Amino acid sequence: MDRVEYTTIRKAYKSMQDLVFETLRDEILTGKLKPGDSLNTLALSKRLDVSRTPIREALNRLVSIGLVENIPYKGSIVRRLSVDEIIEIYYIRAALAGVCARLATSKLTDVQKNRLSTLCDEMESLQASLNHNLMLEKNFEFHQIIIKAANSPRIEELTLQYYHQSEAYRALALELPGRYAQVCKEHRDILTSLLQGDREKAERTSREHQLNTARVIAKSLGVEIEL
């Protein structure tokens with residue numbers, strides 16, 4: 001097997017992994033697969049008409065973002081989302097995001113400001129297509145610029161730690177009616193406060209952005225929360 005053929009096979013295999021992952025993720029987020037449902041690799045292999053290897057890889061990825069959990073002697077099941085966990089994670093994220101924005105306000109370069117503005121434009125332009133994967137990528141870059149500009153390694157480490165812990169919930173939030181547009185508006189409010197050099201407003205809008213996500217997710221699970 002030559003190198004070109006090997007590379008082609010690897011790309012095809014990776015695409016299959018991605019396809020299986022995205023299919024199962026979407027089925028969980030839309031409720032087709034419900035909390036507690038068993039995710040048997042053989043059954044999924046037959047249903048999706050793929051080998052069991054990409055199924056296992058996809059399940060590992062779903063575990064890593066919190067949508068699936070492995071239960072001893074039971075295997076993989078769809079995870080039940082905990083409102084208490086959501087609130088705890090987003091309280092922490094809100095505090096850290098506010099601090100980052102406050103610190104970044106006076107440190108952002110013109111290049112970073114321009115990129116934040118461009119990202120807001122791009123995220124808003126994606127509303128019609130509802131391309132959630134691309135939206136999440138741009139969302140991450142938006143917040144990453146602010147985190148980096150804060151220039152605090154310890155806060156950055158904590159922020160990214162909890163950012164990744166909330167990955168499953170971020171994906172879920174975008175699936176909820178009206179949240180996509182709200183997220184775009186909240187990003188624009190954060191950007192405006194940063195461009196105005198208003199540290200108080202930057203901290204407040206960044207904090208509320210995180211708390212609003214927690215409110216929306218909790219409401220989708222039938223729980224009204226005061227934050």
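The values are calculated or read from the model by the stated rules, or taken from the named source; none is laboratory data. The model shown is predicted, which means the values in this text are computed figures rather than measured ones. Glycine gets a Cβ as well: all are built from the backbone with ideal geometry, and neighbour counts include every protein chain shown.
Some points to look at:
One line per residue, one yes/no per condition, for (1) farther than 22 Å from LEU24 by Cα; (2) at pLDDT below 85; (3) part of a loop (DSSP other than H, G, I, E, B):
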site: PHE140; (1), (2), (3): yes, no, no
site: HIS143; (1), (2), (3): yes, no, no
site: LYS148; (1), (2), (3): yes, no, no
site: TYR169; (1), (2), (3): no, yes, no
site: PRO177; (1), (2), (3): no, yes, yes
site: GLN182; (1), (2), (3): yes, no, no
site: GLU200; (1), (2), (3): yes, no, no
site: GLU208; (1), (2), (3): yes, no, no
site: ALA214; (1), (2), (3): yes, no, no
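Yes/no per residue for (1) buried (at least 20 other Cβ atoms within 10 Å of the Cβ); (2) modelled with pLDDT under 95; (3) within 29 Å of ILE225 (Cβ to Cβ); (4) touching a Cys at 6+ places or on another chain (Cβ under 8 Å):
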{"residue": "ILE87", "(1), (2), (3), (4)": "no, yes, yes, no"}
{"residue": "LEU96", "(1), (2), (3), (4)": "yes, no, yes, no"}
{"residue": "ALA101", "(1), (2), (3), (4)": "yes, no, yes, no"}
{"residue": "ALA104", "(1), (2), (3), (4)": "yes, no, yes, no"}
{"residue": "LYS107", "(1), (2), (3), (4)": "no, no, no, no"}
{"residue": "LYS113", "(1), (2), (3), (4)": "no, no, no, no"}
{"residue": "ASP121", "(1), (2), (3), (4)": "no, no, no, no"}
{"residue": "SER125", "(1), (2), (3), (4)": "no, yes, no, no"}
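- Picking from residues in region 58-84 that are among the hydrophobic types (A, V, I, L, M, F, W, C) and assigned to a loop (DSSP other than H, G, I, E, B), the one that is surrounded by the most Cβ atoms within 10 Å (Cβ to Cβ) is LEU67.
- Hey, LEU174 crowded, with 16+ Cβ neighbours inside 10 Å and in the same structural domain as ALA214 (by TED's automatic domain parsing) or not: yes
- Filter result for ILE155 (in a helix (DSSP H, G or I), within 21 Å of ALA173 (Cβ to Cβ) and β-branched (Val, Ile, Thr)): no
- The set of residues from region 185-227 being more than 19 Å from LEU119 (Cβ to Cβ), within 21 Å of the chain's Cα centre (by Cα), among the charged types (D, E, K, R) and surrounded by fewer than 16 Cβ atoms within 10 Å (Cβ to Cβ) comprises just one member, LYS219.
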